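The structure appears below as structure tokens.
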Amino acid sequence: MKKSFCLLLSAALILSVLSGCDQSKPGAPDAELSPTPVLTVSPKPSAEPSAEPSVEPSAEPSVAPSKAPVKQEVLLFETSFDEFTDGFGPRGSETVELASEDSKDGSSCLFVTNRTENWNGAQKDVTDLMEYGKTYKIAADVKCSENASINLTTEMHSGDSVSYSAVKTLNGNAGEWVHFDITYNFFTETDTIAFYFETDNKADFYVDNFKLAVIETSSVEDPACRPSLAETYQDLFKIGVAIGPDEIKNPKKAALVKYHFNSITTGNEFKPDYLLAQQASKDGGDEEHAAVNFKNIDTFCTWARENNIQVRFHTLVWHNQTPKWFFREGFDNNADYVSSDVMAKRLENYIKDVCTYINDNYEDVIYCYDVVNEAMSDGYGDDGVRNEENPWYDTLGRDYIRKAFEYARKYASPNHKLFYNDYGCSSAAKRQRIVDYLTDLAAEGLVDGVGMQSHYGISLNDPASIDYKLSIKAFSNLGLEVQITELDIGLDDNSEQKMKQLATRYVEFFKLYKSLQEDPDNGVNITAVTVWGLTDDGSWLNGTSGTDQYPLLFNSDYSGKLCLDKIIEIMQ
Ligand code: GLA
């Protein structure tokens, strides 16, 4: 059969059919996870009345057919480069041609040679094939003549600007084919989009079997095919999710956030890096007062208000993602640190500006602040406060935490709770350091709660639930609220077995929160549980681990995972 270029826009080829809320999908409930019967899926009680006929009673698991989404991959373009280069061409002065001796399959493949830059490669414009807002599958085989990191990257042009974004990087050994198989959400507004392959060297490489398919979005899972997570837990605590611009611009992600969550945290957008404005600070000429840009606060708080969702403010003070120049004379990247008096004034003014803006505009939307993030050191043996690569410590010493809380208490609305937030809180050392530092602040009424980030792994002993519980209790003993602020479970395998393990892990955490919160005698007050990301494709762990990660409650195609069903189920 001729395997060359075929464009199948009309004759849609269905490559796979999977169901979302369908109980027969891989990863359906089993006895190991729970003795209770298969989850009966019912619409959110408060959902708008629907025109659909009600579902007749049936012996089958009750999933309304209209709500059982069908995911279809429709092939848009496929080539094995047997006769033509099929729209792939060079990016610079390199040569892109067919080579017959080295193909993976068929009679030839694409050959990229004479590369003088790493970014030289093979590129194809796919603007006419792709539509904003849809999800795509991209597959290809690539082989480099030397060991290399092989990148699939996008080039997008919008007006006069051009942007390049890495989609996927695979490590290839010299002369060995590696296989790309990627899900790509196209949610960037752009005039053009092209895909290209490049490597981190200038060696020759080969491409074969390129395929582009769209996942039909008409059949995306209806969020209302299961109860709302936030409503399920509304008597215990808020249920939050970390979001970014994608989650409010992409209507399918936005629908999930609105349906399942009653709290949001911006993953990045309220951090000092995003709010502090360098040029305006320099132009302002006040050494004690940096300029703040409130645009992000407006964008997310307005969206939250419109959708009746509350916002955790993350984060006023952090040693990371805070511009270097904020600590330096003249707001200059390379100048010396300012004196501690000037830095204290800058800190006060920053907190004052942000809190005042929020009090004036979004008093009803924000409910708490992470005043200080990650300020405790990890081990024993120093003064307890993070002193490495910490410009706050360099300029203000260990008192920067106290000062931040004093200013936040002075300027924040009394209706907004003030949190200290950190990772690794279950370790005995971190627990003790947090307790030691916060004891006085709590007694003075300067702090209201501890945020336990909770980025954990799949192993059941990470953390041991006894340690986790001891920390929740220790913070509660200071009279403080506890919030779980960044929960995710790193996992690079989405096999059925691993998804069951992930569900077991989430259930373990949620059962612990539930039991602590429901026991009136233990003094624990967990007021919110936030998951750090919505769909797996948006997890920060994809970027840091170098492998695709599956740590969250929703798949990249917006369908809910077994872990979501299971944490809903424990409340039923
Ligand atoms: C820490 C921070 C978060 C975020 C994560 C990684 O936990 O508190 O703001 O940066 O790392 O995404």
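The values are calculated or read from the model by the stated rules, or taken from the named source; none is laboratory data. All values reported here derive from a predicted model rather than from experimental measurement. Neighbour counts run over all protein chains shown; Cβ positions are idealised from the backbone, glycine included. The protein model used for the area step is the full one, side chains on, heavy atoms only, and it has no ligands, DNA or RNA in it. Shrake-Rupley method; radii C 1.70, N 1.55, O 1.52, S 1.80 Å.
Can you compute the modelled spin-label distance between Ser545 and Leu512, with each label point 7 Å from Cα toward Cβ, in nm?
Label at Ser545, label at Leu512, 1.9 nm between them.
Counting only C-alpha contacts under 8 Å and six or more residues apart, can you give the relative contact order of the chain as a whole percent? Write down the numbers at each step before the final one.
Working: 1219 pairs, mean separation 68.3, N = 572.
Reported relative contact order: 12 percent.
Give, in nm to one decimal, the length gained when the segment between Ile182 and Asp492 is fully stretched (0.36 nm per residue of separation minus the Cα-Cα distance).
Extra length available between Ile182 and Asp492 comes to 110.2 nm.
Tell me, Kirkwood radius of region 402-550 from alpha-carbon pair distances, in Å? Display every interim value, and only then the final one.
Working: mean 1/r = 0.0608 Å⁻¹.
About 16.4 Å for region 402-550.
Roughly how many Å² of Ser100 are accessible to a 1.4 Å probe, to the nearest 10?
Its accessible surface works out to 80 Å², give or take rounding.
Sort 467-473, 489-495 for me by packing, meaning the mean count of neighbouring Cβ atoms within 10 Å per residue, highest on top. Before the final figure, lay out each step's value.
Working: 467-473: 19.4, 489-495: 17.3.
Per-residue mean Cβ counts within 10 Å order the peptides as 467-473, 489-495.
Among all the aspartates and glutamates, which ones have a C-alpha under 15 Å from Lys253's C-alpha, if same-chain residues fewer than 8 places away are not counted?
Glu221, Asp222, Asp536, Asp537, Asp557
What number comes out for the charge environment of Pro551, summing +1 per Lys or Arg and -1 per Asp or Glu over other residues with Cβ under 12 Å away? Walk me through the intermediate numbers first.
Values: positive: Lys498, Arg505, Lys561; negative: Glu486, Asp488, Asp492, Asp493, Asp536, Asp537, Asp548.
Taking every other residue near Pro551 into account, the sum is -4.
Rounded to the nearest whole Å³, what is the per residue volume of the convex hull around the Cα atoms of the chain? Before the final figure, lay out each step's value.
On the way: hull volume 107.5 nm³, N = 572.
Here the figure is 188 Å³ per residue.
Kirkwood Rh over Cα pairs of region 141-238 into Stokes-Einstein at 25 °C, 0.890 mPa s: D in µm²/s? Don't skip to the end; give the middle numbers.
Details: Rh = 16.8 Å.
Taking Rh from Cα pairs, D becomes 146 µm²/s.
May I ask for the angle, rounded to the nearest 10°, between helix 465-477 and the longest principal axis of the chain, with both axes built from Cα atoms and the value confined to 0 to 90°?
Between the helix axis and the principal axis of the chain, the angle is about 40 degrees.
For Lys295, give me every one of the aspartates and glutamates with a C-alpha distance below 14 angstrom, ignoring sequence neighbours fewer than eight places off in its own chain.
Within reach: Glu269, Asp273, Asp353.
Given N residues in region 90-209, what is its alpha carbon radius of gyration divided by 2.2 N^0.38 Å?
Numbers: Rg = 14.2 Å, N = 120, 2.2 N^0.38 = 13.6 Å.
After normalising by residue count via 2.2 N^0.38 Å, the value is 1.05.
Nothing charged except the Cβ atoms of Lys and Arg (+1) and of Asp and Glu (-1): what's the magnitude of the dipole of region 112-233 about its Cα centre? Round to the nearest 20 debye. Intermediate results must be reported in sequence, preceding the final value.
Working: 9 positive and 20 negative charges, 56 e Å.
So the magnitude is around 280 debye.
Find the centroid of the Cα atoms in region 431-464 and in region 334-389, then give the distance between the two in whole Å.
Using only Cα atoms, the two centres lie 17 Å from each other.
Along the charge dipole of the chain, pointing to its positive end and built from +1/-1 on Cβ of Lys, Arg, Asp and Glu, which listed residue (Ala166, Ile358, Pro551) has its Cα farthest out?
Checked the options; the winner is Ile358.
Could you sort the peptides 523-532, 280-289 by per-residue average Cβ neighbour count (10 Å cutoff), highest mean leading? Don't skip to the answer; put the middle values down first.
Details: 523-532: 21.9, 280-289: 13.8.
Ranking the peptides 523-532, 280-289 by packing returns 523-532, 280-289.
How about Lys417: which aspartates and glutamates have a C-alpha closer than 15 Å to its C-alpha, ignoring those fewer than 8 places off in the same chain?
Excluding near neighbours in sequence, the set is Glu363, Asp364, Asp370, Glu406, Glu444, Asp448, Glu481.
What is the percent carbon and sulfur in the accessible area of the chain, measuring with a 1.4 Å probe over the protein chains and ignoring ligands?
Numbers: 11270 of 23870 Å².
Carbon and sulfur atoms account for 47 percent of the accessible area of the chain.
State which entries of Lys168/Lys430; Lys469/Lys500; Lys403/Lys473; Lys430/Lys566 exceed 28 angstrom in Cα-Cα distance in the structure shown.
Numbers: Lys168/Lys430 36 Å; Lys469/Lys500 23 Å; Lys403/Lys473 26 Å; Lys430/Lys566 31 Å.
Those over the limit are Lys168/Lys430; Lys430/Lys566.
Stretch Glu146-Asp298 to full length: gain in nm at 0.36 nm per residue minus the Cα-Cα span?
Taking 0.36 nm per residue and subtracting the Cα distance, the gain is 49.8 nm.
Top to bottom by accessible area (1.4 Å), largest first, where do Glu101, Glu131 land?
On the way: Glu101 140, Glu131 105 Å².
So the residues, ranked largest to smallest area, are Glu101, Glu131.
Extending each Cα 7 Å along its Cβ direction at Leu470 and Asp160, get the distance between those two points in nm, one decimal.
Inter-label distance under the simple model: 6.2 nm.
Return P(r) of region 303-437 (all Cα-Cα pairs; 5 Å bins starting at 0; whole %; ordered from short to long distances).
2, 10, 18, 20, 18, 15, 10, 5, 1, 0
Separation of region 471-504 and region 87-131 by C-alpha centroid, Å?
Computed from Cα coordinates, the inter-centre distance equals 45 Å.
Each label point is 7 Å from the Cα along the Cα-to-Cβ direction; what then is the distance between the points at Glu306 and Thr95, in nm?
In this crude label model, Glu306 to Thr95 measures out at 5.5 nm.
Using the Cα atoms of region 225-333 to build a convex hull, what is its mean projected area in square nanometres?
Working: hull surface 32.8 nm².
Result: a mean projected hull area of 8.2 nm².
Can you work out the Karplus-derived ³J(HN,Hα) for every residue in region 411-421? Use 6.51 cos²θ - 1.76 cosθ + 1.60 with θ = phi - 60°, whole Hz, and x for glycine or proline.
These are the phi-based 3J(HN,Hα) values: 9, 6, 4, x, 7, 9, 7, 10, 10, 9, 10 Hz.
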